[in-house]
Amino acid sequence: MAITNRHVKLFICAAGIFVCYFYFGILQEKITRGQYGNGENFTYMFALVFVQCALNFVFAKISLMTVMKQGEDTTRTLYYFLAALTYFLAMVCSNMALQFVSYPTQVIGKAVKPIPVMILGVLLGKKSYPIKKYIFIFLIVIGVALFMYKDGKVSKNQVKSSLSVGEILLLLSLAMDGLTGAVQERMKAEHNSKSGHMMLNMNLWSAIFSGIVILVSGELVKFIHFLQKYPFAIWQITTFSIAGAIGQFFIFLTVAEFGTLPCSIITTTRKFFTILGSILIFGNNLCPRQWISTIIVFSGLFLDAIYGRTKIQQSRIQ
């Protein structure tokens, strides 16, 4: 089969998603779980989200003016406000969870994201799903439950407490993801909202929310002092945010050019390799049970990507 320009474009999109989000994931773990100086930890999660959303907004604005021209946006501001609020809270909880759980645990835990999305999609978005989709999601749940199961060997109360805090934060993040998906589905159904406009407005409102929090709480001043103390962190945070923004662009481009199926397969595959990268780089070893559960989870994700997709999911931010 001859290689066409379309194949080359798909390869570029896939490579862009792989490279950007691999780098994004590694830096996310390095920033949130690493230690600076004499054992100091990075705790400025709202500031980190502010930088992310601000750069995402700028990148979305440039993209809409150049390669992602999507016409007039008629979506109600209230929808963007609500979607951005839940999107913002999901990011904060997800980043904070990494202070208590490893990156592989976070990725596996977030793999059950379709569950709250489906539940709230039915309740708020008036959606219906085929039986096979519920079967694939159940497979993912089984894998995640097996991965999260605590062996009897873990007996230190402090460890158990830390893990429970991380898991609660992941649950909160998943709940916010579900609300975000439900609002996005309503936006898509009522206004046919485009991905570029969603990226622009949701990141604008999220930057406003996080900006207010860091100003009122005083986190901005502490964050600036942290950067003055460890200037190399500026490069880490900036490139982390840029990688996320470019990765989002490649996801939207893949969906627009090739549909949700290739995009889902690419994003699912990259998550698996990001876990492997985290294991190799940070030494986050998995026991045999966790390897088996990881395979079960990604098998469910692949089956859902291939056989369980619905058209409404084209609008969803990955």
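The values are calculated or read from the model by the stated rules, or taken from the named source; none is laboratory data. Note that the structure is predicted; figures quoted are calculated from it, not measured. Quick reminder, even Gly has a Cβ in these numbers, built from the backbone with ideal geometry, and neighbours come from all protein chains shown. For the accessible areas, the whole protein counts, side chains as well, though only heavy atoms, and no ligand, DNA or RNA atoms are used. Shrake-Rupley method; radii C 1.70, N 1.55, O 1.52, S 1.80 Å.
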Cα gyration tensor of segment 85-135, axes a ≥ b ≥ c as square roots of the eigenvalues: rounded (a/c below 1.5), prolate (a/b > b/c) or oblate?
oblate
Taking all pairs of different Cα atoms in segment 183-275, averaging 1/r and flipping that mean, what Kirkwood radius in angstroms comes out?
16.1 Å
Over the chain, with neighbouring protein chains present, the accessible area per residue in Å² at probe 1.4 Å is 48 Å²
Viscosity 0.890 mPa s, temperature 25 °C: what is the translational diffusion coefficient of segment 9-131 from Stokes-Einstein with a Kirkwood Rh over Cα pairs, rounded to a whole number of µm²/s?
140 µm²/s
Gaussian network model of the chain, Cα springs within a sub-10 Å range: biggest mean-square fluctuation belongs to which of 227, 179, 55?
227
Across 298, 273, 18, the residue with the highest GNM fluctuation in the chain (Cα network, 10 Å cutoff) is 273
Which entry in (i) 1.07; (ii) 0.93; (iii) 0.98 matches Cα Rg over 2.2 N^0.38 Å derived from the coordinates of this structure?
(iii)
How large, in percent, is the carbon and sulfur part of the accessible surface of the chain at a probe radius of 1.4 Å?
68 percent
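Can you divide the C-alpha Rg of segment 1-47 by 2.2 N^0.38 Å and report the result to two decimal places?
This ratio for segment 1-47 stands at 1.89.
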Over the chain, the sum of -39500 (n - 2.57) across DSSP H runs of at least four, divided by residue number and rounded to 500 deg cm²/dmol, gives at 222 nm -26500 deg cm²/dmol
Pairs to check: 30/69; 110/188; 127/194; 9/61. Give those whose C-alpha atoms are more than 28 Å from each other in this structure.
30/69
I need the trypsin sites (Lys or Arg not before Pro) found in segment 204-309, filtered to DSSP loop residues with at most 16 other beta carbons within 10 Å of theirs.
309
Given a 10 angstrom Cα cut-off, can you work out which residue in 217, 278, 264 is the most mobile in a GNM of the chain?
217
